[in-house]
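Scroll down for the structure; my scribbles are underneath it.
The values are calculated or read from the model by the stated rules, or taken from the named source; none is laboratory data. Note that this is a predicted model, so its numbers are computed, not measured. Counting neighbours? That spans all protein chains shown, and the Cβs are built from the backbone with ideal geometry, glycine included.
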Amino acid sequence: MTYPEPDTPPAAAPRAASRLTSPFAGLRPLAERLQALDAEVSRHCDTEERAIATQARKLRRQIREFEPGVTFIGQVKAGKTTLVNAMVGWADLLPADVNPWTSVVTSLHLQPGAAQDERRSSFRFFSDEEWDGLIRQGGRVGELAARAGAEDEMAKVRQQLDEMRAKSKARLGRKFHMLLGQTHDYDTFDEELIERYVCLGDDFWEEGDGDWTLDRFSETRKRGRFADITRSADLWFGADTPLGLCIQDTPGVNDTFMIREQITINALRDSRLCVMVLSAAQALSAVDLGLIRLISNVKSREIVIFVNRIDELTDPVRDVPEIKASIERTLKRFHGPTDAQILFGSGHWAAHAAAGSLDRLGADSAEALMAWTEAHLDDDLAQRDPMEIIWTMSGVPALGRAIAERIAQDSGAALEAAAATALDNLRCGISAQEAQRDADTFETSGCRMAPGEISERFAQIERDAYAALEQKLHGVQESFSARTENARRTFLARASASLSDHLEAQGDSQVWTYDPAGLRMLLRTAYQVFVQGAGKAGQEVLDQTAGQIDAVFRAAFDLSDTAPAIAPPPLPAALPPVALGQTIALDLRGTWWSRFWRRRRGFKALADDFARLIHEETGPVVDALRHDCADPHVEALRGAVADFVHAQRDIVLGLAESTPRTHRPGRRAG
């Protein structure tokens, strides 16, 4: 559903700050390489052979629609949104005081070459099923409390949910359930419109004013109007970046129901690069330990840690090395990515540098900036404009370079490899096409197979490929299931043994806890073995299939030995097992776990209830690992095989149908 532009004037265009170095300038070499690939592919988009042109246009579309994603995560009040706004050069784009009870993942789609006032937006609401799940289960806390038999916690959750539901319905009136599952699209946006969907305000509707219609659009621009039910927000606008880029700003994870934790897990699973934003004054607090559990399941090269708000440190020059050392110790202690890059800076400094408003920094922030600059200013930087110096000191350019390097090495390199292989395979079809142009000169040229024969050959290739892939993957999947189940049993045995030792030594008067890190490690290893096995199976099938397709090409068109050979496409990347980091009952400490412990009396009751809790708590983790990671990877492998076979079949059939057929044996003369 598309709505008209708001009747209030749009906000000022984002400040381009052209005098400042773009934080994404490091993407230019990749952008230039992709442009060269695009130009080469484009030469084949208008070829007279329709099948080749179709595949070329599909490949060109993949190159042009390439939009690597960067997900920003962190706790509330880490300054994440201010940092994101500074990076895109629009200081007030996203409200920094977002606080809905669910919260929204906001995706900023930076579009190179587009004017800054070329904007559009889309806001998607929770569906009925998703909303009912939140209300009925109470998020992760509700699930944990239900499995642990924590009636006190469940009562609190139900009370809070009833309050949230009443407030949401008060905002939206009788249209509440009709809005669920809808998407609101606009051909523009401004800060006020964004706040209506992602920022929870205190201005409730007057009684009897709950209905919402297009005729009353201008009267209902209330802050946070739809915030409770908005699931995602997408904003498209022109930006100073060499290629398209999607920056996802996720909600802080420390909410009452742990709903935001699941939102963050979903965002991380779909992104190949994560920036974890910490607050310098409270780096790696108890809340951030939950984030460490999440990022520990992502490859270190796909993680950048940015310690924000160093402007609030009394002496950043002295404090930063201590904070960095503390972070590294904590990452090692809690099995985080110990070799992840750690950067320091201030989104506050960056925002004021971009806006040219250093006079509003504040005395303490300005003093910290001066100290930080004096410690890091070199001769080259000293020659630059003062705003550029402060921009550099903010750490935003360094963060941009780190992002650019990882995109170029990961998703960018994957696209280049896939495009290069696809282009080489197009050349094989082009070679066959060129050979047919000599049909009047060489009497043995032309296609040696009828279209029906070619179709049958490819049908057999596809059947063989599917059969081989399913046979190989079946063993890999069976092994994966066995490994995950064995991991659960092993962990339960170790935990039960530890509980028994504790009860014998301390009795049941002392609260006992057990770290589930061992379980996560066992499950992560099982998934890694699965990915390796599935990848090997996929590669073997693709290699075999490529050889069979190449044989059809050469037989059908009598190609010479020097003609390009068909090559298999690269394997699809496996999803990171982020779900392994979701909170389970054993992660909770303090009063919650103490109450669970003290409600049980007697060794047997403790042992039995603990075993039941472990079994019920680890089940959803294993299920998520299988359904959200392993199964999609298997489907991606199947899709890669199918797409490969179908694309090459279409080319061969297209060439066969457009060229004369010959039955003469032998190779083409010359």
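Computed values, structure above
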item: Tally, over the stretch 584-641, of residues that are among the polar types (S, T, N, Q) and modelled with pLDDT under 80; result: 2
item: Of residues in the stretch 41-61 being of a type outside the set (Lys, Arg) and exposed (fewer than 15 other Cβ atoms within 10 Å of the Cβ), the one modelled with the lowest pLDDT; result: Glu48
item: Hits in the stretch 376-413 - residues which are buried (at least 17 other Cβ atoms within 10 Å of the Cβ), among the aliphatic types (A, V, I, L, M) and under 19 Å from the mean Cα position of the chain (by Cα); result: Leu399, Ala402, Ile403, Ala404, Ile407, Ala408
item: Qualifying residue in the stretch 336-347 (condition: assigned to a helix (DSSP H, G or I) and not β-branched (Val, Ile, Thr)); result: yes
item: Every pair of residues 6+ apart whose Cβ atoms lie under 7 Å, when the first sits in the stretch 273-287 and is outside the structural domain of Arg329 (by TED's automatic domain parsing) and over 13 Å from Arg301 (Cα atoms) while the second is part of a strand (DSSP E or B) and at pLDDT 90 or above; result: none
item: Total residues in the stretch 271-297, condition part of a loop (DSSP other than H, G, I, E, B) and touching a helix residue (DSSP H, G or I) at 6+ places or on another chain (Cβ under 9 Å); result: 7
item: Total residues in the stretch 612-631, condition surrounded by fewer than 16 Cβ atoms within 10 Å (Cβ to Cβ) and either in contact with a Ser or Thr (Cβ under 6 Å, 6 or more places away or on another chain) or farther than 30 Å from Trp512 by Cβ (or both); result: 2
item: Number of the condition not met by Ala146 [criteria: (1) modelled with pLDDT of 75 or more; (2) part of a helix (DSSP H, G or I)]; result: (1)
item: Residues that are in contact (Cβ under 8 Å) with a residue 12 or more places away in the chain and either hydroxyl-bearing (Ser, Thr, Tyr) or within 14 Å of Ser296 (Cα to Cα) (or both), drawn from the stretch 526-543; result: Tyr527
item: Answer residue from the stretch 62-72, given it is surrounded by 15 or more Cβ atoms within 10 Å (Cβ to Cβ) and touching a strand residue (DSSP E or B) at 6+ places or on another chain (Cβ under 9 Å) and is farthest from Gly429 (Cα to Cα) among those; result: Phe72
